[in-house]
Every structure is written in structure tokens, then in C-alpha cells.
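Inspection log for the structure reproduced underneath, given as C-alpha cells.
The values are calculated or read from the model by the stated rules, or taken from the named source; none is laboratory data. Computed from a predicted structure; not experimentally measured. Here the Cβ positions follow ideal geometry from the backbone for every residue, glycine too, while neighbour counts run over all protein chains shown. Keep in mind that these areas ignore ligands, DNA and RNA; they rest on the heavy atoms of the full protein, side chains included. Shrake-Rupley method; radii C 1.70, N 1.55, O 1.52, S 1.80 Å.
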There are 2 protein chains.
Amino acid sequence: MYTIIDLKNILNVLTYTQSTDGAGQMSPKRNDTLKVKLERDIIAGLLKPGARLDEVSLAERFQVSRTPIREALLQLSSMGLVQLRPRRGAVVAEIGLKELLDMFEVMAELEGMCGRLAARRATKPELDHLQDVHAASEDAVTAGDYDAYYRCNVAFHETIYQASRNLFLAEQTMKLRNRLAPYRRSQLHQNGRLSGSFNEHKAILAALIAQDGAAAERLMQGHLTAQGGSMNDFIASLPDDVLNRSDPAAVAAG
Amino acid sequence: MYTIIDLKNILNVLTYTQSTDGAGQMSPKRNDTLKVKLERDIIAGLLKPGARLDEVSLAERFQVSRTPIREALLQLSSMGLVQLRPRRGAVVAEIGLKELLDMFEVMAELEGMCGRLAARRATKPELDHLQDVHAASEDAVTAGDYDAYYRCNVAFHETIYQASRNLFLAEQTMKLRNRLAPYRRSQLHQNGRLSGSFNEHKAILAALIAQDGAAAERLMQGHLTAQGGSMNDFIASLPDDVLNRSDPAAVAAG
DNA sequence: AATCGAAATCATGTATACAATAATTGATTT
DNA sequence: AAATCAATTATTGTATACATGATTTCGATT
């Protein structure tokens, strides 16, 4: 086994990773502009879950024919951001409560894995950058600037994804983060989540610098799940229609 | 935190999960027949990595126009099974050594997670089914029937995915398994892997029955990674062109 | 008046035609 | 003879036209 571990670590240092974009295809991007624009609208919350995506409307909005629109929708469907119902058109994906909890559970695992690997593999520049981002986020906390902290938060986590030196893991985690984004908008606005999140970042950063993989994994998982308080706020922040769409039993249980 | 955990467990028992297909879209399948057929050909190894996927050839082979072919290729691209190079056509995805190791690392984590959750959540019928599958696989081992064992192996793992009671996790794990499938064909044919795999399954099954999540996770990870011996065989079984395609530094390191 | 049914309308799925770009081949020049 | 450039060919990307199936509306019947 050690030969493999060594090989992997050597590869992580020596190889220049062939970068693939989010869709899993090689770097030279085709006409992804439509996909990206729609994706951003969905992630940013401009297109809310359940919103209908009419092909002809989108076509005339973007001044193209239906064909590229259909291709973009197909890609977004594969990413899970839109639902494609046969002969019934596309809508922005609505995720039920059960599915959301499932996705969050996987998200915690993946982010925890990122933390564990990053503790072992992060380079000095990556750690420096992480500290810079963390410092910037502190300013955002004191200023109470939610938007600024949101951006710092994204940068913090994505830096750790990169530092895991597992490009596939980084992509998968980012994809899942984006897919959950429409349901996380107001998360940081809950009670004391801003400073809470900041303190958790602080502990995670310390674990990474100490190269303590187990601690980094545990702290990161806690940061994302109930122990960090994030999950409760997340549930609380769910829009009514998400909860209502779920199974009656689930609502009763909640 | 406990309220959430309880809610989640209650949900896992009470809710009837809205099933989504592998592409992340709701159950009523559109004309996925093309995607499925191509996917099977790729997973089964009939279409080898690097093989060119000409749209017109595929169109006349399946007796349809290029449009549905393009849609199928786009979906397969999003799944990572084919590479879509702009203006240069589609090929069956070639995965470099580094990326393969990355994917395997994530695969081990996801399967480990499935094991951990299944230990806590598997129902009696699921465990019974798992034992049946395991018994059938024993016959395959004594008979030295690789194909039969391969099928049992898939059934064993997929049953555990389901038993994790996290449908999203199950889907993601299965997707990744399929994506790695073209590179795992000859894996079981290596030296004593057949009985080795069987014994590992035995230990995993015991951990699941004992509801020992930590053990199930650890054993499952070991089953997939170097400790189980699978990784070494996997590396050894890699076709030359995969290794050659990698970065020279990687080859030197290996 | 309400509900069921049928027809019409509209949106999606597929095919085909056209445009644009990359690959290939051939010719010319050094 | 080899290499480079240009022109042709072939394949991908986009638009549009047509077909199929779902939804909605209007009418008739209970």
C-alpha cells in the first residue's frame, strides 16, 4: 500500500493537473455562455426553484434559437439545477426536504474530506492565501457586511478545496455547493451565525496549519452540520414552499 | 443538533423518497434510450476510452437524426463518460492516472460513508438481501466464475448504497462507480482478488449486522483502497495507454 | 351549475438545412 | 525533397420547419 500512497503524493506534487471545467469536460470551452448565465441566475436566486424555463422565452431573451437553449437546459439538468420533465418543459429544480438533508449530509462529508486532505497537502502559498482570506473575513464580521463575508466564505472554502490537491474532489464539492446555493442564501443572516462561522474558520485554519488532518476533517464537518449550528439555521431559513412540498410526515416530524 | 438528527432519522423511516434517475431528473424518463445504450457500451467496454464518437455514424447506427445523438452525448459529457471538444467532436473520456487516483480516493470515501450510514440505517430485509447476495457470490468464488462474481459484487455494493438511506449519496456513488467502470474491468482477474474480495465482503457484512458504523466505514474504505489490495491490482491492470497518457513526471515517479 | 369530453392550441421532441470552423490534402516555393 | 500555405472537404454548431403529445378551453350533457 505504501507504494501507492507514495505514488499518489508524488503525483500531487509533480503533475500539472489537466484542468477540467465544472461539467467534467476538458478545458477548451464550447459555447458555455448560455449555461453559465442561466446557472448564475439560478445560483444567485434570480430564478427561484419551481420557476418555469420556457424554451422560446429564453431563446428570444438570449437572441438565439431554441437549440442552444435546449443544450444549456440539458447540461443544467445533468448538474441537477433544473428538472427536465418529458414533454412538460423545464423548471428550476425544486429539492424536497429529505433530498436537501441528504445532500447536506454528503456535502459535510466531502468538505470534511477536503479539510483532511488539505491538512496533509496544502502548500505554503495556499495556507498564506487562506490566512489572507480569513483576515479579510474578520473585517467583514466587524463591519457586519454580510455580502462581503459571503464572498470571503466562498473563497475560504474553495481555497481548501484546491488545497486538497484532489481536483476531482474539488470539482464535485464545488458542484454540490452550487447546487445547494439557492437554498443557502439567507443562511448567514441568522442570529449570530456570522461570528460563529468566523470562529469555526479560525479553528479549521489552525488545524490545517498544524497539519492535523483528523481535526480539520472533524471541524469542517462540524462547520457544515448541526454541531456548528449551521444546520438549524439552514432548516429555519427554508422558504415555506420547500417545507410544504415535502411529505406530510416530514412536516409533522419537524 | 439532536433535533436535526432525529428529524433526519424520522424522515429516513417515514418518507417515501421521490426517486430521481441518475441524471438527477425526476422519474418520468424522456427518451433516454440513446443515452442509456451509449452509456452501457462505454461502461461495458465496447467503446474504449479515446474512441471517437462521430455524430453521423451514431445517427445512422441508431436510425435517428443527429439532434438526439447530440443530446445524448451532451448528457454523457456531463456525466464525465465522454469528452466534448468544441468543434472537434466527442470521444469516450480518457482519464489520466492522476485523475483516476483522485476519483478512486473520492470513491473510497463515498463507499465508506455508505457503509457507515448503512450500519445505522439498514432494514432487516435489506440485510437479508445482502446475505443472499453474499451467499451467491460464495458460489461464484468456488466455481471461479468471474462474471458471476462481478454481478454479485455490483449487487452487494449497490444494496449497501440503498441501505444508506441517502438517495443522493447512493446516486452519486453509483455514478462514480459507472464512470470508473471502464477502468475496472480486469480488476477481479488479478491474482487472489476474488477470494480476497469475498472475505472483505464478509467482514463488511458482519459490521453492518453488528450496526458498527465505524467498522463498516473503515472496512469499506479498505476494501476499495490500497489496504484491500484492490488499488495495487487496479494500477497493475491499467492499460498501457492510460499510463502513457499521463504526465512524464508521473511515469518517472511510478 | 358542474363535470366530463373533445377539439384546438401551444410547447416540446425530432429532423433537416445552412453556416462556421477545423482537419486534410495538394500545390508551390525554397 | 521537404516544408509551408492555401483550398477543399468533412464535421460540428445553429437555425428553422415539422410532428407529436400535453394542456387548456369551450361546449354539451347530466
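Things worth noting here:
- Residues within region B:7-59 that are acidic (Asp, Glu), more than 16 Å from DNA strand D (Cβ to nearest atom) and either modelled with pLDDT of 50 or more or over 26 Å from the mean Cα position of the chain (by Cα) (or both), tallied: 2
- Residue under evaluation A:Gly192, criteria (1) buried (at least 18 other Cβ atoms within 10 Å of the Cβ); (2) more than 14 Å from chain B (Cβ to nearest Cβ); (3) out of contact with any helix residue (DSSP H, G or I) (no Cβ under 6 Å at 6 or more places or on another chain), criterion not met: (1)
- Region B:75-97, residues that are open to solvent by less than 10 Å² (accessible area, probe 1.4 Å) and either near DNA strand D (Cβ under 9 Å from one of its atoms) or more than 27 Å from the chain's Cα centre (by Cα) (or both): B:Ala90
- Identification of helices (runs of 4 or more DSSP H) wholly contained in region B:89-175 with 3 or more residues that are of a type in the set (Asp, Glu), facing chain A (nearest Cβ under 9 Å) and farther than 30 Å from B:Arg70 by Cβ yields no element.
- Scanning region B:72-88 for residues that are in contact with a Lys or Arg (Cβ under 8 Å, 6 or more places away or on another chain) and more than 16 Å from DNA strand C (Cβ to nearest atom), we see that the one that is farthest from the other protein chains (Cβ to nearest Cβ) is B:Leu81.
- Of the residues B:Leu127, B:Leu100, the single one that is among the hydrophobic types (A, V, I, L, M, F, W, C), open to solvent by 20 Å² or more (accessible area, probe 1.4 Å) and in contact with a helix residue (DSSP H, G or I) (Cβ under 9 Å, 6 or more places away or on another chain) is B:Leu127.
- Taking the criterion of being more than 13 Å from the chain's Cα centre (by Cα) and open to solvent by less than 10 Å² (accessible area, probe 1.4 Å), the residues of region A:113-123 that qualify are A:Met113, A:Gly115, A:Leu117, A:Ala118, A:Ala119.
- The residue of region A:139-189 that is least open to solvent (accessible area, probe 1.4 Å), among those that are under 12 Å from the mean Cα position of the chain (by Cα), among the polar types (S, T, N, Q) and under 13 Å from A:Met113 (Cα atoms), is A:Thr173.
Residue-by-condition table, conditions (1) closer than 16 Å to B:Val133 by Cβ; (2) among the β-branched types (Val, Ile, Thr):
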{"position": "B:Ala143", "(1), (2)": "yes, no"}
{"position": "B:Tyr146", "(1), (2)": "no, no"}
{"position": "B:Arg151", "(1), (2)": "yes, no"}
{"position": "B:Val154", "(1), (2)": "yes, yes"}
{"position": "B:His157", "(1), (2)": "yes, no"}
{"position": "B:Tyr161", "(1), (2)": "yes, no"}
{"position": "B:Leu167", "(1), (2)": "no, no"}
{"position": "B:Leu176", "(1), (2)": "no, no"}
{"position": "B:Leu180", "(1), (2)": "no, no"}
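- Only one of the numbered conditions (1) within 16 Å of DNA strand D (Cβ to nearest atom); (2) farther than 30 Å from B:Lys98 by Cα; (3) in a helix (DSSP H, G or I) is violated by A:Ala72, and that is (2).
- Condition met for B:Arg66 (away from DNA strand C (no atom under 12 Å from the Cβ) and more than 10 Å from every other protein chain (Cβ to nearest Cβ)): no
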